[in-house]
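Okay, so here's the structure we're looking at.
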Amino acid sequence: MKAAWVSLLVVLSLLCSISTSAPKVSFERIVVDRTFRAEGVAVGDVNHDGKLDILSGDVWYAGPDFKKMSEVRKVGAYDGTKGYSNCFANFAQDVNGDGWIDSIVIGLPDGPCLWYENPKNRAGHWKERMVVGSACNETPIFADLLGDGKPALVFAVRPKGQMAWFGIPKDLEGLWEMNIIASGPDAPGTEKYSHGLGAGDINGDGRCDVLVNEGWWQAPRKRTRANWKFHPANLGEDCANMLVYDVDGDGDSDVISSSAHRYGIWWFEQDGSDFKQHLISKKYSQPHAIILADMNRDGVMDLVTGKRHLAHQGKDPGGLDPAMLYWFELRRPETGAPEFVLHEIDDDSGVGTQFEVIDMNGDGTLDIVTSNKKGVRVFLQRP
């Protein structure tokens, strides 16, 4: 009888551990297009049918099956073994306030940032307008800088070497309103091919700061004020997105970054005015874009990334390795340091210079959308 009770207790214990643990995460891969279209991608309801669509530089794909492709602008022919596309980043936003999603495209570094007005299901290419004539740093970002729920463009401009954020102008035919975060010449992170840019509340004052790997600019109360105060800090080598998050759960903000063209993903523990570097992984090369997202719905943000396939036509360290896509589950044990547990998703896709993590089909789980030299893909999370 005693043995039976022991067995029952073991079973109940196992059932309780299963019911309270985070759900298992697995994915179904959908190959939308095998043609190299862009290294940036955006998501939004382009055609107003209630389903999310995919924007990839020159084209867009209608959801939910993504089989119909339509042109946004003249379609280029890009060869990933020899060069690049004309889209390093793609963002979706209702720019003109008409209720229809428009497309913001940033091409090669130091090229123009453009926006394309949604034609509201009318045939033909979308009307093109310029945001600004120069967009630098290989990781331009689209972040809620003002804390109003409306993302703003943040990147560097040449030739003066300024870091800036951009507001939508009253005159939609004109250039966007440029707000100077840091004046040149050559402020940190403002070279044509600078690597590393992020936004988040570093000092806990409730305002979104802007950071590069040389340090961070403290957001003033009035964000339109020029020349934010710069705090030098050693935040590692050339990287991609710089993510601000309390990794260890101690109440302050840490920083996560990744090597754009070599091996390495790290988190930097904030300790007063200093940052202590911790290695997350060096297993895969060229994680040229990273995103924070709660993939397993346990209330803790995880890290999603992958390889930028043929970033420099295979000439980087590990450049010809498989195009991996993967995520790290962040675990915070009761004792000891936080842990990042690797989960592989795919070995024939990777990411570009910018990608999306979003619930594509409304089932309450987060999916992944990528566009790079392997083409365009969707990874639907399946419980």
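One line per residue, one yes/no per condition, for (1) among the small types (Gly, Ala, Ser); (2) part of a loop (DSSP other than H, G, I, E, B); (3) open to solvent by 10 Å² or more (accessible area, probe 1.4 Å):
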position: 35; (1), (2), (3): no, yes, yes
position: 39; (1), (2), (3): no, yes, no
position: 51; (1), (2), (3): no, yes, yes
position: 55; (1), (2), (3): no, no, no
position: 73; (1), (2), (3): no, yes, yes
position: 92; (1), (2), (3): yes, no, yes
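Can you name the strands (runs of 3 or more DSSP E) wholly within the range 164-243 that have at least 2 residues being within 25 Å of residue 254 (Cα to Cα), open to solvent by 70 Å² or more (accessible area, probe 1.4 Å) and in contact (Cβ under 8 Å) with a residue 12 or more places away in the chain?
Strands (runs of 3 or more DSSP E) meeting the threshold: 229-232.
Have a look at 87, 136 and point out the one that is assigned to a loop (DSSP other than H, G, I, E, B) and in contact with a strand residue (DSSP E or B) (Cβ under 9 Å, 6 or more places away or on another chain).
Only one candidate passes the filter, namely 87.
Looking at residue 62, is it aliphatic (A, V, I, L, M), open to solvent by less than 30 Å² (accessible area, probe 1.4 Å) and touching a residue at least 60 places away in the same chain (Cβ under 8 Å)? Spell out the reasoning first.
Working: aliphatic (A, V, I, L, M): yes; open to solvent by less than 30 Å² (accessible area, probe 1.4 Å): yes; touching a residue at least 60 places away in the same chain (Cβ under 8 Å): no.
Spelling it out, it is not the case that residue 62 is aliphatic (A, V, I, L, M), open to solvent by less than 30 Å² (accessible area, probe 1.4 Å) and touching a residue at least 60 places away in the same chain (Cβ under 8 Å).
Which of the residues that make up the range 268-296 are without any contact (Cβ under 8 Å) to a residue 40 or more places away in the chain, over 22 Å from residue 88 (Cα atoms) and surrounded by 15 or more Cβ atoms within 10 Å (Cβ to Cβ)?
268, 269
Could you grab me the full set of residues in the range 360-383 that are open to solvent by 40 Å² or more (accessible area, probe 1.4 Å) and within 19 Å of the chain's Cα centre (by Cα)?
Of all residues in the range 360-383, those open to solvent by 40 Å² or more (accessible area, probe 1.4 Å) come to 361-364, 366, 374, 382-383.
Correct list: 366, 374.
So if I check each of 264, 299, which one is within 24 Å of residue 137 (Cβ to Cβ) and surrounded by fewer than 22 Cβ atoms within 10 Å (Cβ to Cβ)?
The match here is 264.
Is it the case that some residue within the range 28-36 is under 14 Å from residue 116 (Cβ atoms) and of a type in the set (S, T, N, Q)? Working first, answer last.
Filtering the range 28-36 for residues under 14 Å from residue 116 (Cβ atoms) gives none.
No, the range 28-36 contains no residue that is under 14 Å from residue 116 (Cβ atoms) and of a type in the set (S, T, N, Q).
Consider the range 219-252. How many of its residues are of a type in the set (S, T, N, Q) and farther than 19 Å from residue 155 by Cβ?
Looking only at that region, the number is 1.
Filter the range 144-163 down to residues that are in a strand (DSSP E or B) and open to solvent by 20 Å² or more (accessible area, probe 1.4 Å), then give me how many there are.
1
Quick test for you: out of 207, 221, pick the one residue that is basic (Lys, Arg) and out of contact with any Pro (no Cβ under 9 Å at 6 or more places or on another chain).
Result of the check over 207, 221: 221.
Restricting attention to the range 97-112, which residues are open to solvent by less than 40 Å² (accessible area, probe 1.4 Å) and not in a loop (DSSP other than H, G, I, E, B)?
102, 103, 104, 105, 106, 111
The values are calculated or read from the model by the stated rules, or taken from the named source; none is laboratory data. Remember, it's a predicted structure, so these values are computed and weren't measured experimentally. Methodologically, a virtual Cβ is constructed for each residue, glycine included, from the backbone with ideal geometry; neighbour enumeration extends over all protein chains shown. Calculation scope for accessible area: heavy atoms of the full protein, side chains included, ligands and nucleic acids excluded. Shrake-Rupley method; radii C 1.70, N 1.55, O 1.52, S 1.80 Å.
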